[in-house]
Amino acid sequence: MPVESKKEVDKLTAATSKLDPALIGLAAKVVDGKYKDDKVSVENGLVQVYVHLTSMSAEAINTVKKAGGTVVSERRSNKMLLIRVRVEDLEKLAKLVAVTKIEPA
């Protein structure tokens, strides 16, 4: 495997390891902007998730917002945000260094 390809695979693996299993491949399951199972609910292409961060700094929160997240609430003591995000942006969000874990809300 070429070095660039291995690096890309490693980045993708690292990003998806931050995603709860219920969120992996979610975009492929959405039909007409909707999807629902026992853990995940998608409406109008948006899903609410808990994003765990390395810190609750303004910089970390802003990187989540720039990746497409809309902050619904914050739990500073747990270093966690409740956000609404487009399903297609979940992997982009998972690639952020400030993000440690993403779970369905």
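The values are calculated or read from the model by the stated rules, or taken from the named source; none is laboratory data. Note that this is a predicted model, so its numbers are computed, not measured. Glycine gets a Cβ as well: all are built from the backbone with ideal geometry, and neighbour counts include every protein chain shown.
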TODO: Could you tell me which of the residues 65, 92 is touching a residue at least 12 places away in the same chain (Cβ under 8 Å), among the basic types (Lys, Arg), surrounded by fewer than 18 Cβ atoms within 10 Å (Cβ to Cβ) and not in a strand (DSSP E or B)?
DONE: 92
Open item on the list: As an exercise: evaluate residue 59 against (1) over 15 Å from the mean Cα position of the chain (by Cα); (2) at pLDDT 95 or above; (3) not in a helix (DSSP H, G or I) and give the number of the one condition it does not meet.
Closed with: (3)
Task: Residue list for region 36-85, restricted to those being of a type in the set (Ser, Thr, Tyr) and closer than 14 Å to residue 104 by Cα - done: 41, 50
Open item on the list: I'd like to verify a number: residues in region 23-34 that are closer than 15 Å to residue 84 by Cα and of a type outside the set (A, V, I, L, M), how many?
Closed with: 2
